[in-house]
Ligand SMILES: *Cc1c(COP(=O)(O)O)cnc(C)c1O
């Protein structure tokens with residue numbers, strides 16, 4: 001299977017190449033040339049399988065030319081061994097017709113672990129095979145960075161640099177990035193917000209000489225491997241509620257659109273997902289775009305769900321590419337307008353295509369807090385603020401008899417201040433990770449400046 005760029009001007013790549021490359025050289029994102037499907041019987045046969053085995057069956061058609069069955073199975077076994085729950089992604093019921101998919105039992109307590117642990121394993125296999133070394137640079141609003149550091153720490157042929165917005169991540173998130181002691185881990189606190197960090201990251205990728213010099217690789221959700229690994233839990237959750245014999249809806253707390261786009265891929269593979277609901281916090285560019293057709297940047301407003309404090313939602317480009325009938329030139333033009341004029345208007349046809357699949361809603365800060373309290377009272381489930389945004393928006397979209405599955409994207413203990421303010425309860429970290437709160441921290445403050453960042457990467461990476 002080949003992977004093509006959403007802007008139509010970069011060469012098609014294999015899975016292994018697309019994974020190591022991250023952003024395409026024309027500035028676009030890689031998507032599969034065609035999406036493989038699972039038959040009704042193949043989907044039904046996922047019922048009751050251990051998570052790793054379901055993952056094998058869902059991922060295999062996308063990677064078979066790069067990895068053998070034994071390599072893939074081994075990578076998945078190692079990826080999920082460190083999770084704190086035997087089911088990996090347990091589904092719990094919140095209310096009649098409303099279920100919560102708990103994606104926070106990985107080593108850094110957010111759903112990012114599901115994909116990052118897998119690509120950590122796949123990167124190792126591919127780099128060893130090619131005798132290459134790489135420099136990973138990632139931008140994070142908090143959870144991607146900690147998950148990446150956890151997945152790549154200590155690897156011989158990888159250096160990891162993570163840019164996070166100084167002062168805008170939670171204590172737990174920061175400590176997960178600043179306490180690892182391995183020499184290949186570099187936590188960089190940038191003067192700016194997440195969009196600044198992501199913009200500098202894209203600048204580094206678009207500087208092709210620098211990119212080749214340091215062997216730059218990306219693990220942000222623009223990396224196709226990340227999206228792919230996230231497709232799996234849509235299958236396991238839907239099948240446990242009766243798919244493929246029954247339709248389901250999903251609501252996804254959304255920032256960079258990687259997680260919900262994985263749901264779209266699951267749907268294209270044949271999973272009967274009726275609607276995918278985009279849940280945003282007050283940084284609601286996606287909700288506004290679905291409502292009005294106008295995708296327009298406004299400043300980022302910090303919120304109690306910081307991992308969704310975003311205004312440029314990178315993976316939305318993949319959804320646009322498909323909504324525009326795989327017209328790379330049209331997507332390139334929209335992205336150019338976004339860069340030069342701060343926004344663009346989605347064509348009527350594409351907007352209609354998006355609305356057939358996606359619905360959307362947003363939650364204010366007060367609604368988010370109120371949902372944390374109300375959910376605790378009604379079900380005993382303690383939600384993180386991101387998951388609460390999802391539950392609030394899902395509540396507006398319930399339509400029996402189709403069950404709703406809301407993704408719980410982080411553990412409440414990762415955002416204890418917001419949870420305590422809403423409920424009076426300060427959620428404790430799981431016992432397996434409590435000790436890291438007392439370890440010394442290590443990080444470097446950096447300006448929001450491309451040349452300074454490039455100099456730092458050159459100087460710090462181990463040759
Ligand atoms: C990353 C993240 C999100 C947003 O996911 P996207 O794939 O960027 O849309 C939501 N909640 C939490 C806790 C996250 O870490």
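Only one entry in 64, 70, 41 is surrounded by fewer than 18 Cβ atoms within 10 Å (Cβ to Cβ), in contact with a helix residue (DSSP H, G or I) (Cβ under 9 Å, 6 or more places away or on another chain) and over 18 Å from residue 219 (Cβ atoms), namely 64.
Taken across region 249-256, residues that are more than 9 Å from the ligand (Cβ to nearest atom), part of a loop (DSSP other than H, G, I, E, B) and farther than 18 Å from residue 228 by Cα do not occur at all. Inspect all residues belonging to region 107-121 and state whether any of them is more than 16 Å from the ligand (Cβ to nearest atom), over 24 Å from residue 392 (Cα atoms) and either part of a helix (DSSP H, G or I) or in contact with a helix residue (DSSP H, G or I) (Cβ under 9 Å, 6 or more places away or on another chain) (or both). Yes: region 107-121 contains one or more residues that are more than 16 Å from the ligand (Cβ to nearest atom), over 24 Å from residue 392 (Cα atoms) and either part of a helix (DSSP H, G or I) or in contact with a helix residue (DSSP H, G or I) (Cβ under 9 Å, 6 or more places away or on another chain) (or both). Meeting the requirement of 1 or more residues that are touching a strand residue (DSSP E or B) at 6+ places or on another chain (Cβ under 7 Å), the helices (runs of 4 or more DSSP H) wholly within region 9-89 are 15-21, 51-63.
Name the single residue, out of those in region 308-322 being in a helix (DSSP H, G or I) and away from the ligand (no atom under 12 Å from the Cβ), that is surrounded by the fewest Cβ atoms within 10 Å (Cβ to Cβ). Top of the filtered list is 322.
Looking only at residues of region 268-284 that are within 16 Å of the ligand (Cβ to nearest atom) and touching a residue at least 40 places away in the same chain (Cβ under 8 Å), we find that the one that is surrounded by the most Cβ atoms within 10 Å (Cβ to Cβ) is 279. Regarding residue 231, is this residue within 16 Å of the ligand (Cβ to nearest atom), modelled with pLDDT of 95 or more, part of a helix (DSSP H, G or I) and in contact with a helix residue (DSSP H, G or I) (Cβ under 6 Å, 6 or more places away or on another chain)? Here the answer is yes, as residue 231 does meet what is asked. Against the test of being buried (at least 19 other Cβ atoms within 10 Å of the Cβ) and within 23 Å of the chain's Cα centre (by Cα), the options 394, 350 yield a single qualifying residue, 394.
Condition (residue is within 29 Å of residue 83 (Cβ to Cβ), in contact (Cβ under 8 Å) with a residue 24 or more places away in the chain and assigned to a helix (DSSP H, G or I)) applied to region 397-406: is it met by at least one residue? No, because not a single residue in region 397-406 is within 29 Å of residue 83 (Cβ to Cβ), in contact (Cβ under 8 Å) with a residue 24 or more places away in the chain and assigned to a helix (DSSP H, G or I).
The values are calculated or read from the model by the stated rules, or taken from the named source; none is laboratory data. Keep in mind that this is a model prediction, so the values were computed, not measured. Using ideal geometry, Cβ is built from the backbone for each residue, glycine included, and neighbour counts are taken over all protein chains shown.
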